[in-house]
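Everything below concerns the one structure shown next.
The values are calculated or read from the model by the stated rules, or taken from the named source; none is laboratory data. Predicted, not measured: the structure shown is a model, and the values here were computed from it. With ideal geometry, Cβ positions are generated from the backbone for all residues, glycine too; neighbour counts draw on all protein chains shown. When the accessible area is computed, the model is the full protein with side chains, heavy atoms only, and any ligands, DNA or RNA have been set aside. Shrake-Rupley method; radii C 1.70, N 1.55, O 1.52, S 1.80 Å.
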Amino acid sequence: MPSITYCDDSMMAYRSARKTFQPGERVVFDEGYRLAHLPLVNAGHAAVISEVKGRDYRNGTYEKTRHALVMPISADAFLESDQVQALELAMKSSRFAPKIAWEICERRRLQLHATLASGIPETDLDRYAAVVQDLLDQIGPISVCLKGPFLGTRNTGRIYFPVYPQKIGDDDAFALVQKRIGVSPTKLYLVGYYHMRQELDLLETRELAELIDHWRDRIVVRTTIPFLELYATNDDLALSARVHAKIGAKDAQR
């Protein structure tokens, strides 16, 4: 079988989306995190945005169910990685460790995923499933690697693991999926994992920035994604997620 080649940073959008801290700057929650995530992470925090006029968020949950196509990742593949375990130890040994909502990590381990397409109309779910099924039958299961922690310019307060999918020809495998369903390729596939209960001070921010810089180019997980999922959820942490459909390749041979 041919060896697997993964996309690199020249093919992805992580560099432009990564948060870079300037001297004297610290982690301060942005509006997106305060609205969608902080109410579920630390409901009593003074920075929580409980609702916004004209939007159906109420304390971190949607009134109307959202549907998305996601790349699920096995908790076993993630947590049994020696690199993830080493990173976890470094995170728990840091000065900012008490400000991480470790209980959210525990609650979300069976819902770990990266979103490929969001805002899918409920009436289109079966069509999306059929289109994705057809593509996966052609290309087979998709291999990925996850690299070290990523803090972005959006949802500041949430720490992700960036996903680098395998190349299919000269293309990003997930971009092929997105184009097939009519979505513009994002080149950005992020598995959200760590969530901050409190903002960081200058020393904590500097330590986090150094930790991210140390780990950013390390591959922490290699795995194969045997199927994609169509999710229904009423919150952005997928704590309420239900699986509408699992879409797997019928033939795993390439």
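Normalised by residue count, the range 21-71 yields a Cα convex hull volume of 133 Å³ per residue.
Segment ASP76..GLU63, full-extension length gain: 1.5 nm, with 0.36 nm per residue of separation and the alpha-carbon distance subtracted.
In this structure the amide hydrogen of ILE168, modeled in the peptide plane, comes within under 5 Å of the amide hydrogens of ALA173, none closer than 5 places in sequence on its chain. The calculated FRET efficiency for SER184 paired with GLU103, based on their beta-carbon distance and R0 = 45 Å, is about 0.80.
The residues packed around LYS64, meaning those with a beta-carbon under 13 Å from its beta-carbon, carry a net charge of -1 if Lys and Arg are +1 and Asp and Glu are -1. Compute the angle between helix 202-215 and the longest alpha-carbon principal axis of the chain, please, reported from 0 to 90 degrees and rounded to the nearest 10. Roughly 30 degrees, rounded to the nearest 10. Taking the inverse of the mean reciprocal distance over all distinct Cα pairs, the Kirkwood hydrodynamic radius of the range 104-254 comes to 16.9 Å. Shape of the range 125-175 from the C-alpha gyration tensor: oblate (a/c of 1.5 or more and a/b not above b/c, with a ≥ b ≥ c the square roots of its eigenvalues).
Packing, as the average of other Cβ atoms within 10 Å across residues, places the peptides 102-111, 140-149 in the order 140-149, 102-111, highest first.
Per-residue accessible area (protein heavy atoms, 1.4 Å probe) orders LEU151, LEU190 as LEU190, LEU151, starting from the largest.
Heavy-atom accessible surface of the range 1-94, averaged per residue, reaches 55 Å², computed with a 1.4 Å probe. State the percentage of accessible surface on the range 91-173 attributable to carbon and sulfur atoms; use a 1.4 Å probe and exclude ligands, DNA and RNA. Carbon and sulfur atoms account for 43 percent of the accessible area of the range 91-173. Highest mean packing first, where packing is the average number of other Cβ atoms within 10 Å per residue, the peptides 205-216, 19-30 line up as 205-216, 19-30.
Over the residues of the chain, the helix contribution to mean residue ellipticity at 222 nm works out to -8000 deg cm²/dmol, using -39500 (n - 2.57) for each DSSP H run of at least 4.
Excluding ARG216 itself, what net charge comes from residues whose Cβ is under 9 Å from its Cβ, given Lys and Arg +1 and Asp and Glu -1? It works out to a net charge of +1. Highest-first packing order for the peptide set 155-161, 54-60 is 155-161, 54-60, based on the mean count of other beta carbon atoms within 10 Å. Evaluating 6.51 cos²θ - 1.76 cosθ + 1.60 at θ = phi - 60° for every residue in the range 96-107, the Karplus couplings come out as 8, 3, x, 8, 8, 7, 4, 5, 5, 4, 5, 5 Hz, glycine and proline recorded as x.
Each label point was placed 7 Å from the Cα along the Cα-to-Cβ direction; for LYS246 and ALA46 their separation is 4.7 nm.
At the residue level, GLU122 shows approximately 130 square angstrom of accessible surface with a 1.4 angstrom probe and all protein chains present. Phi angles across the range 179-185 convert, under the Karplus curve 6.51 cos²θ - 1.76 cosθ + 1.60 with θ = phi - 60°, into 3J(HN,Hα) values of 5, 5, 8, x, 10, 5, x Hz, Gly and Pro given as x. Evaluate Rg over Rh across the range 1-112, taking Cα atoms for both radii and Kirkwood's formula for Rh. Rg divided by Rh gives 1.01. For ASP235, the amide hydrogen comes within under 5 Å of the amide hydrogens of TYR62, SER240, counting only partners 5 or more places away or on other chains and with H modelled in the peptide plane. In µm²/s, what is D for the chain at 20 °C and 1.002 mPa s, where D = kT/(6 pi eta Rh) by Stokes-Einstein and Rh is the Kirkwood radius from Cα pairs? Reported coefficient: 113 µm²/s. Rounded to the nearest Hz, the phi-derived 3J(HN,Hα) couplings of the range 111-123 under the Karplus curve 6.51 cos²θ - 1.76 cosθ + 1.60 (θ = phi - 60°) are 10, 5, 6, 10, 7, 9, 7, 10, x, 6, x, 4, 5, where x marks glycine and proline. What shape does the range 52-146 take by its C-alpha gyration tensor, where a ≥ b ≥ c are the square roots of the eigenvalues and a/c under 1.5 counts as rounded, a/b above b/c as prolate, and the rest as oblate? It comes out oblate by the Cα gyration axes.
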